[in-house]
Amino acid sequence: MSRALALEVIAAGKSFGAFRALDEVSLRVKPGSVHALLGENGAGKSTLVKGLIGYQSLDQGQVMVDGREVEIAHPRAAQKLGIGMVYQHFTVAPGLSVAENLLLATGKLPLHIRWGRVRAELSAFMDGAPFKLALDAPVSGLSAGEKQKLEILKQLYLQQRLLILDEPTSVLTVQEADEVLGLLRDMAHRGEISVLMITHKFGEVLAYADEVTVLRRGRLVAQAPVAEATHDKLARWIMGEPEAGESAEALLDDAATRRLPRAPGSREARLEVDRLSVLDDRGLPRVHEVSLAVHGGELVGLAGIAGNGQRELIEALSGQRSVLGGAIRVDGLPYAATRAQMRERRVFSLPEEPLYRGCVGKLSVAENIALRNFDQAPIRRLGGLVSYRAIRAQAQARIAAFKVRPPLPQRAMASLSGGNVQRAVLARELSEPVNVLIAANPVFGLDFRAVADIHARLLAARNAGAAVLVASDDLDELLQLADRLLVIRNGRIVYEVDAASADRAVIGGHMAAGH
Amino acid sequence: MSEAVVSTLAIGMIGGAIRVGTPYLFVSLGECITEKGGRVNLGLEGILVMGAMSGYALSYLSGSPWIGLLCAAAMGLCMGLLHGLICSLPRVNDIAFGIGLMLLGTGLAFFLGKGFIQPQAPQLPALSLGSFIADPRWRSALSINALFPIGVLLSLLLHWGLRSTRPGLALRLVGDHEGTARALGYPVATVRIIATAVGGAFAGVGGAYLSLCYPGSWSEGLSSGQGIMAVALVIFARWRPLGCLAAAMLFGAAGALGPALQSIGISSGYHLFNAAPYALTLAIMIASCRPRQTLGGTPGELSLTR
C-alpha cells in the first residue's frame, strides 16, 4: 500500500475584513502525485495552505484526508495527519545546529536527550536522505539553498506523507532546484509522499508536476493534468481575461518597445562613483576602489555572482552603508546620501529584500509610502504636525496607480506578499520625477506579472531621462533591460560592455573567472 | 609592595569574588534563562530587593533562614510570573514593564521592610572549606556560604540542560526563532512565562543571599543595582550559564576591590574603588559593542538585540 496521502479541499473560504482572500476553492491532491498550485502574488495560494497546515484557520470549507473529514486547528494537528509544510520564509532556528533543528521538528522529545543515540539516528537518516548536511553546522552559517534543503529534510525526517512546498526554489540555483524537485517527484512517484507545490515558475510546473490548479484573486480558475497544459495556457489562466488596456503580451511588448535609444547629446553623467571602497558586515574590505558613471537616460546593469561586493556597493550608494574611501557624485556635486541630498537631487532606490531593507514591516502600507515625504507639505502641516488624512490620500492614489493588492492602506506592510511589497516600494520611489535610481535584485522571487510590471517601470524611469543602476544576480534580466553592462567580481569592476554587443558567454566568463 | 601584602590582596579578591559574586551569579543565571526564551526582564532589580526583604522577614519571623530563602524564591517566582503573564499580552513591551516592575519591587520592599531594619534575623550557615589551613586569611576567604556551591551546581546543570533536555531545547528554540517555534507547535507564550518565572525565582534567591549571607542584614541600600548589572553580565557571558559563572566571579572580584585594598591599608579612594563593578559594566558594554555585527549566541528574538 502506498504511504502517500490523499488530500481533498472542498469550498474553502477566508476573508480579511472586507477583502475576500479565498472564495469557494476546491482541490484534490491524488496520492503519489505532484500537484502544482499556481497564481499571482496575492491570489490566495498562501492563505489556502496556511489553512491546510493549521497556521491560520479557514472561515469555510472542509478538508478531507484519505477520504475522512478532518479538522486542522493548529500545526500539530496537521503534523499528526502527516501533512508537512516547507515554508518560503525559513522556519529554522538560526542559532541552533542542524541536528537540533531536526530533532526539534519531531515534536516528541524525551525529557532527557541522549545526544549519542540521537546523533546515531540522525546520521543514519542523513545517509539515506536525498541531500546531505553536516549535523553540527549552525544553521546561521548555511546558505539559502542549504536552509531550504534542511526544511525539506525536516519533513522527511518526520516521515510526513504530504509535503506542501511554498515556492521551494525561489532561493535555489537552477541546478539545486532541478535536484530538489527531481528527487521529490521521484519519491512521490514511488508512492512515498504526495506533494503540493506553490510556485510561479511555469518551467517547474511543466517539468515536475502531474496536475495543476490555478487561483486568481482568491478564486479557482483552472484545474488540469499538466499533460494538457502549455506555457500559454498557464499564462492565460493566471492573468485571466485582459483588463482594460493591458494584457500579459501587451505589457511585455510594451516593456520591450519602450526601450528607446538615448537621444545623443544627453550624456551628462548623473551618478559618478570615484574609487569607492566599502567594508562588509565583518569589517573586511569588500568593494575595492570601484569607479563607474551612469548617465541620464541610461540603464546600467551591474552583473555578478552573489557575494562579490555588489550588495555592499549598492548599499553604499543608497546610503545604507558607510563608505571607507573614495567619492560619490550626483550631478557633479559630492553626494553623501543624506536625506536632504536625496530629496534635492531626486535620488531614489529600490533595495533588495524590500520588506527588510526598504520598509518598516510593522507600519502600515500608507505610512511606508509616506516615508520619503512625511516631513514635507502637504503631509507635514503647520507646527510640524503630520496629517494622517494626507498620508492616506497619498497612499490611496499611489496604491491605485501601482496596483498594490490588497488595496488597503492601513494593512501592515509585512502582511503583503512579496510582489505587492515591491509594488508599494515602487509607489514610494517612482511617483515623483526621478533623477537617479539605484535598484538591487528588483524582481527577486516575484511572479511574472509583477516582473513585467516592475521592469516596465524601471525602463519608464530611464526613458524619462533618469540615470538607472540595476544590480541583479540574474544576468538574463540585465541583458534584457540594460543599455550597458558592468561585471563586478571580488569587489572590482572587471568588464564593461554595451548591451548591444554583449555576449552572454563572455560576460559569464568574466563573472565566474577565478571561481 | 611586600609579598604578604600582595597575597593578602589576592586572597581578599578571591574570597570577595565568591562572597560578592554569588548574588550576581544567581541573578544572571535567572536573567540568562529569561533571555534565552527571548524576553528581557529588567524587573530583576525589583525582584532582588523584594527577595532580600521577604527572605529576611521570614527568616526573622520563622527563625529559620531556609524558610526565608524559600520565601524569597517564591516571591521571585510570583513576580517573574507577573512579568511573564503581562508581557504576553499584546502590545506590552517587556523592557518598559521590566522598569515598572523594578520600581514597584523596590518601592514595595522599602514599604513592607520598614519594620525589619532593626532586628537581626538568623543567617544562612557558612561552610568552612579552609578549616585545615593554618593561614587565617585563607580560612576566612574559604568560609563559603552554602548558596555558592548551589549556584555553581545550578550553572553546570543549566549548561547541560539547555542542550540536553526537552525544556532546554524548547526554551532556546522559542528564544531563537518564534516563527519556527510556532510552526512546530511549541507554546511560545507559555514557555516564556515559565522562563521568566523561573528567572524571577533565581533573582529572589540572589536577593535572599544579600540579606541572609552577605552583607547579611536588611536595609534599603542593600542592592545597589546588582539586578540591573546582571543584564549586562548576561550579555558579557554571551548567554552561556558557565559564562555567567565566570562573569559573576569577575564582577564579584571587582566589587571586592575596595574592601581588599582597605585590608592592606589603602583606604583612600575607598568609595572610588567600590565603583569598580559599575565601571566594569560600562567597559564591557563598550568592548562588546559592535555596531556592524551581531554577537554570537544572541537569542534571535531578544528585543534588546533585534
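The values are calculated or read from the model by the stated rules, or taken from the named source; none is laboratory data. Just so you know, these numbers come straight off a predicted model, no measurement behind them. Reconstructed Cβ throughout: ideal geometry from the backbone, glycine too, with neighbour counts over all protein chains shown. For accessibility, only protein heavy atoms count, side chains too; no ligands or nucleic acids. Shrake-Rupley method; radii C 1.70, N 1.55, O 1.52, S 1.80 Å.
Remarks
- Shape class of region A:31-72 from the alpha-carbon gyration tensor: oblate, with a/c at 1.5 or above and b/c at least as large as a/b.
- Region A:84-122: trypsin sites (Lys or Arg not before Pro) in DSSP coil with no more than 13 other Cβ atoms inside 10 Å: A:Lys108, A:Arg114
- Overall Cα dimensions of region A:268-512 - principal axes, largest extent first, Å: 52, 37, 37
- J(HN,Hα) series, region A:13-29, from Karplus relation 6.51 cos²θ - 1.76 cosθ + 1.60, nearest Hz, glycine and proline x: x, 7, 10, 10, x, 7, 8, 8, 7, 8, 9, 6, 9, 10, 7, 10, 10
- Carbon and sulfur %, accessible surface of region A:268-512 computed with the full protein complex present, 1.4 Å: 54
- Of the GluC sites (Glu not before Pro) found in region A:63-130, the ones in coil according to DSSP and having at most 15 other Cβ atoms within 10 Å of their Cβ are A:Glu71.
- Each residue, B:Ala146 and B:Phe111, gets one label point 7 Å from its Cα in the Cβ direction; the gap between the two is 3.3 nm.
- Of the beta bridges in region A:268-512, as assigned by DSSP with both residues counted there, near 55 percent are antiparallel.
- Put simply, chains B and A cover up around 2100 Å² of each other's accessible surface, both sides summed, when a 1.4 Å probe is used.
- Accessible area expressed per residue, the protein assembly as shown, with surrounding protein chains retained (probe 1.4 Å, Å²): 42
- Label-point gap, in nm, between A:Ala129 and A:Glu192 - each point 7 angstrom along Cα→Cβ: 1.3
- Couplings 3J(HN,Hα) of region B:273-283, computed from phi: 5, 5, 7, 3, x, 6, 4, 4, 4, 5, 4 Hz, in residue order, whole Hz [Karplus 6.51 cos²θ - 1.76 cosθ + 1.60, θ = phi - 60°; x for Gly and Pro].
- A Förster radius of 41 Å combined with the Cβ-Cβ distance from A:Glu432 to A:Asp59 puts the calculated FRET efficiency at roughly 0.50.
- Rounded to 10°, Cα long-axis angle of helix B:94-112 versus longest principal axis of chain B: 40
- Once the Cα atoms are used to define both axes, helix B:44-62 deviates from the longest principal axis of chain B by about 60 degrees.
- Gain upon complete extension [A:Thr338, A:Ser291; 0.36 nm per residue less C-alpha separation]: 14.9 nm
- Percent carbon-and-sulfur accessible area, region B:185-306, ignoring ligands, DNA and RNA, probe 1.4 Å: 66
- Taking amide H positions as modeled 1.01 Å from N, with prolines and chain starts lacking one, the residues under 5 Å from A:Leu324 and 5 or more places away or on another chain are A:Ser277, A:Val278, A:Leu279.
- Contour excess over end-to-end distance, with Cα ends at A:Asn490 and A:Leu363 and 0.36 nm allotted per residue: 42.0 nm
- Note on B:Ser219: accessible area is roughly 40 Å² with a 1.4 Å probe, heavy atoms of protein only.
- Using alpha-carbon coordinates, inclination of helix B:226-236 to the longest axis of chain B, degrees: 70
- All Cα pairs of region A:299-404, percent lying beyond 20 Å: 53
- Under 16 Å from the B:Ser2 label point (7 Å along Cα→beta-carbon), backbone N, region B:124-147: B:136-137
- The percentage of C-alpha pairs in the protein assembly as shown whose separation is greater than 34 Å is 61%.
- In region B:183-212, burial by the other protein chains removes 30 Å² or more of 1.4 Å probe accessible surface, compared with the chain on its own, from B:Ala183, B:Leu184, B:Gly185, B:Tyr186.
- R0 of 56 Å, Cβ-Cβ distance A:Glu69-A:Asp274: FRET efficiency to nearest 0.05: 0.25
- Helical contribution to [θ] at 222 nm, DSSP H n ≥ 4, -39,500 (n - 2.57), averaged over the protein assembly as shown, rounded to 500: -14500 deg cm²/dmol
- Burial of accessible area (probe 1.4 Å, heavy atoms of protein chains only) in region A:58-82, relative to its chain alone, reaches at least 30 Å² for A:Pro75, A:Arg76.
- Exceeding the 18 Å Cα-Cα cut-off - candidates A:Lys108/A:Lys149; A:Lys14/A:Lys50; A:Lys50/A:Lys233; A:Lys45/A:Lys154; A:Lys50/A:Lys132; A:Lys201/A:Lys233: A:Lys108/A:Lys149; A:Lys50/A:Lys233; A:Lys45/A:Lys154; A:Lys50/A:Lys132
- With DNA, RNA and ligands ignored, accessible area of A:Asp280 (1.4 Å probe; Å², nearest 10): 10
- Once both labels are positioned 7 Å from their Cα atoms along Cα-to-Cβ, the gap between A:Ala397 and A:Phe374 label points is 1.9 nm.
- Measuring r between the beta carbons of A:Leu382 and A:Arg329 and using R0 = 35 Å, the FRET efficiency lands at 0.45.
- Taking amide H atoms as placed 1.01 Å from N in the peptide plane, the amide H of A:Ala21 lies under 5 Å from those of A:Lys14, A:Ser15, A:Phe16, each 5 or more residues away in sequence or on another chain.
- For region A:394-409, Karplus couplings with θ = phi - 60° (6.51, -1.76, 1.60), whole Hz, Gly/Pro x: 4, 4, 4, 5, 6, 4, 5, 5, 9, 6, 6, 10, x, x, 10, x
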